[in-house]
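Remarks on the structure that follows.
Read-outs: derived from the displayed coordinates by stated rules, not from any lab. Keep in mind that what you see is a predicted model, and the values were worked out from it rather than measured. So basically every Cβ, Gly included, is an ideal-geometry build from the backbone, and we count neighbours across all protein chains shown.
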Amino acid sequence: MIGDRASTPWHLWVIGIASLLWHAVGANDYVMTQTRNMDYLRMSAENANVPLDVMLDYFTTFPAWADAAWAFGVWGALAGSILLLLRSRFATFAFYASLAGLFVSTIHQIVGDVPPELSSPFFWAFTGFIIVVTVALAVYCRRMTARGVLR
């Protein structure tokens, strides 16, 4: 019933908006990389202190399954953020899809030939941070669903 819907806690809006902004950056990175936007890639290479040709070689040799996993990770997380703000219980499933893509793409990073220039401690710490954030968002959505906030 409509009257049974739990009120929306303030933290849902904070987490939802922060999540949307965070995942919009990831979606932008995915689009710019997949479309081979040279200005963006050049800037990313400079910021990472990596030669542009090394970065291009790495991203252009992804197998199709790794590209698909990356897409699931990025777009699942963005969908989860939007669904969270819409108070939909399907946000949980979107974050699960994102986690599946993230784990598969992380496996590619572990077993694939990541160039030494890209395989820094920061690279691996950032990957770990992304995993922790995505797991936390999935758990948060499950809790909000159990409380009746997400329907």
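Table for the structure above
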item	result
The range 23-123: trypsin sites (Lys or Arg not before Pro) in DSSP loop, at most 15 other beta carbons within 10 Å	36
Rounded tilt (10° steps) of 10-34 against the dominant C-alpha axis of the chain	30 degrees
For the chain, built as a Gaussian network whose Cα springs stay under 10 Å, the top-fluctuating residue of 128, 80, 101	128
Top of 82, 131, 107 by mean-square fluctuation, Gaussian network on the chain, Cα under 10 Å	107
³J(HN,Hα) computed for each position of the range 132-138 - Karplus, 6.51 cos²θ - 1.76 cosθ + 1.60, integer Hz, glycine/proline x	4, 4, 5, 4, 4, 5, 5
Which of 95, 126 has the fewest Cβ neighbours within 10 Å, and the rest in rising order	126, 95
Overall form of the range 64-151 per C-alpha gyration tensor (a/c, 1.5; a/b vs b/c)	prolate
Nearest-ten-degree value, helix 64-85 long axis tilted from longest Cα axis of the chain	30 degrees
Of 116, 51, 63, the one that fluctuates the most in a GNM where the chain has Cα springs shorter than 10 Å	116
